[in-house]
Amino acid sequence: MTTQSTALYYTGLAPGVPLAREPFARARQLRLQLRYHADRYYNDDAPVIGDGQYDTLLQELRRLEDAYPGCRNPDSPTQRIAGEPSDGFTQVEHPHPMFSLGNAFDRAGLEAWHRRVTDLLDGQSFRMVAELKIDGLAVRLAYRSGRLALGATRGNGHTGEDVTRNLRTVRSIPLTLSGHPPADLEVRGEVYLPLDSFRRMNEERERSGAPLYANPRNTGAGTIRQLDPKVTQRRNMQMWAYSLNDTGAAPLPASHWAALAVLKSYGFRVNPMNRILDTIDEVCAFYNEMLERRHEWNYEADGLVIKVDSIAQQNALGVAGREPRWAIAYKFPAERATTLLKDIIISVGRTGSLNPQAILEPVVVSGATVQHASLHNEEDIHRKDIRIGDTVIIERAGDVIPQIIGPVDADAPGRERPPVFRMPDNCPECKTAIVKADDDAMHRCPNAACPAQFFESLKHFVSRNAMDIDGLGEQWCRILIDRELVADVSDLYGLTAVQLTALDRMGDRLATRILTNIEASKQRPLARILFALGILHVGAEVAELLAARYDSIDKIAAAGIDELTEIDGIGPRIAESIINYFAAASNRHTIDGLRQAGVKLWHELAPVDASALPWQGQTFVITGTLEGMTRREAEAKVKALGAATSSSVSRKTNWLVAGASPGAKLATAERLGVPVLDEPGLLAMLAKPEKAGVQDDAEPAAEDGPTPEVTQIGLL
């Protein structure tokens, strides 16, 4: 060893640390020092050395490991350095589902959740833990023998993507755990892009003339899903740990609050704002405090997460649908700002809808720069009396979607004149005359060959929730159309490597990835294919209904309106749209092209286990405003138990669930003798579905028959 290399392990010592003269011992000493300083910086927010000193220690360790490769181990801080880009992400199954949360938007909604929990616990008292709801990307971390083995995104809650290589670059995620963790450990947390990093990125993009990123959440989520880990490393992503999950390797702490302390002892970053609380009054006081302080932090938070503290009580409460009963998100109100409405432009959607969009003087709302906002339709613009040149109020609905509330000065002189905006008479893309049906809020271009419609249709077809052809983003969809390589979605399946690599900036690796994903898409489930086709009024839910009833696309195409409307959830309007789609020659040509390309347009209908679906054969109608969930969420819960849902009350309806302002459906149910549930009654049935007293053998009520006396708890 030369004199220069011998000196490597004598340098970079922090004050008070004894000198290690042997290189392997010095490397170990440096790793311990770096972990200590990272813990003080990220977990305690109390650094004892500056960034320059930290970097000096890190560089010394890196040089030492280069000189003595045997010093290097996988959990060294130097191994956070990103490797080469990957070709894609592997799908991983979560051993325990990563559930979503129900929402409360005011104290009344929070109190309703608290009452439900109290009732389900038979009146037991319970403590609560309140945590900031970080607006980031939920991830699952698996540790084996104290070392990070896997990092995955939430995905659909059951299956996520393996993003371990990217998460290893996040410095607040420990590569090796402190203390004495069990051999098998699962931790969940929220990865986010700090606000100062987001602002710095946008300042750089503004200087270079590049479009600005919309908001930290989407930018951060995209960062974790970058195929090149170097991008993740450069953006300084961070994580707050919020959950310790049972793997069976060691008993869990008895409470969530204790579990958070255990996470911190292992070296995880746990948010210091977390509180343990006893009453709703305490929760609301904490909520108001956090709402006032929401702009103090270097991250976005869109509310609180309130959790039952006792793990035993959490287990007793269980899960309803995709949401744990023992937790709820208490959302902050949307923030508002004012800005100038510079113009209104029209874009054409994949179904031919003309979509007005507001062009705004850029304004920051909830940490995001807003330059555009949806205006829905002409009627919405007139109702809000929005005019070009107005100073308007902007709100990010749910802190995500920008929308215009209305003009600042709606009573200004001169506003008594009618609004001047009107939809064009002809499509702005293909100049075809615009049509508007009486029962449709949208103006539409009826030309199926409209180039704007096909561009949107192609983007939809390849999107993640449709055929999931990863690699074909908006830019490549536009290029494929402009180069006349794709004029119908079925043309995707005829693309070759020679055609793709001839495109500017399309390398061999990307071309291979795209072609591999196109080939894999041939085996997508029938419901995904139906959704991908973009049939008007056929969203993901209706596509699932069709796939559950029919085993091939040909049988759907042959179905008549009476047959389709027999399916609960499909009314005459949707049925007519399905029939019209398959009647069009251009659409039949697309189906034939997909068939010839080898896309699987059929499936085997799974046998139904009636014993596992206690509400099989029952039909629910849900109306009005529910406190603890949306109507769609309520429908998902009853469908999970085998029931069907419908949008109208009839003699076939078994139960009407009525929230606030139920409207005419309640009167119809009472007239037909259909049992009516309020929200607590529905929740009670969901808690014990096998004992819910659903009337499997009940005869449907006569059209004008008397209302039967009903004794089910929770009935109105």
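Here are some notes:
- Calculated P(r) of segment 610-691 - Cα pairs past 17 Å, %: 40 percent
- Which listed pairs, of Lys384/Lys652; Lys307/Lys688; Lys264/Lys639; Lys459/Lys555; Lys555/Lys665, have C-alpha distances above 29 Å, in listed order: Lys384/Lys652; Lys264/Lys639; Lys555/Lys665
- Distance from the alpha carbon centroid of segment 154-212 to that of segment 619-664 works out to 39 angstrom.
- Per-residue Karplus couplings for segment 126-141, computed as 6.51 cos²θ - 1.76 cosθ + 1.60 with θ equal to phi - 60°, are listed in order as 8, 8, 10, 10, 10, 10, 5, 8, 6, 8, x, 10, 6, 9, 10, 10 Hz, Gly and Pro entered as x.
- Computed from Cα positions, the angle between helix 107-120 and the longest principal axis of the chain comes to roughly 90 degrees.
- Take every pair of alpha-carbon atoms less than 8 Å apart whose residues are at least six positions apart; their mean separation over the length of the chain yields a relative contact order of 9 percent.
- Shape category assigned to segment 70-194 from the gyration tensor of Cα positions, a/c cut at 1.5: prolate
- The Stokes-Einstein estimate for segment 247-381, based on a Kirkwood radius over Cα pairs and taken at 10 °C with 1.306 mPa s viscosity, is a diffusion coefficient of 83 µm²/s.
- ³J(HN,Hα) computed for each position of segment 339-355 - Karplus, 6.51 cos²θ - 1.76 cosθ + 1.60, integer Hz, glycine/proline x: 7, 8, 7, 7, 6, 10, 10, 10, 10, 10, x, 5, 9, x, 5, 8, 10
- Per-pair calculated FRET efficiency, R0 = 25 Å: Val48 and Arg200 via Cβ, rounded to 0.05: 0.45
- Helix 256-265 vs. the chain, principal-axis angle (Cα, 0 to 90°, nearest 10): 30 degrees
- When restricted to Cα atoms, the chain yields an Rg and a Dmax of 28.9, 102 Å, respectively.
- Placing unit charges on the Cβ atoms only, positive for Lys and Arg and negative for Asp and Glu, gives segment 610-691 a dipole magnitude near 260 debye about its Cα centre.
- Ranked Phe455, Phe421, criterion: other C-beta atoms within 10 Å, fewest first: Phe421, Phe455
- The sum of -39500 (n - 2.57) across all DSSP H runs of n ≥ 4, divided by the residue count of the chain, sets its helix-only mean residue ellipticity at 222 nm to -10000 deg cm²/dmol.
Read the figures in this text as sums done on the coordinates, not as results from a lab. These figures come from a predicted structure and were not determined experimentally. Cβ: placed from backbone, ideal geometry, glycine included. Neighbour counts: every protein chain shown.
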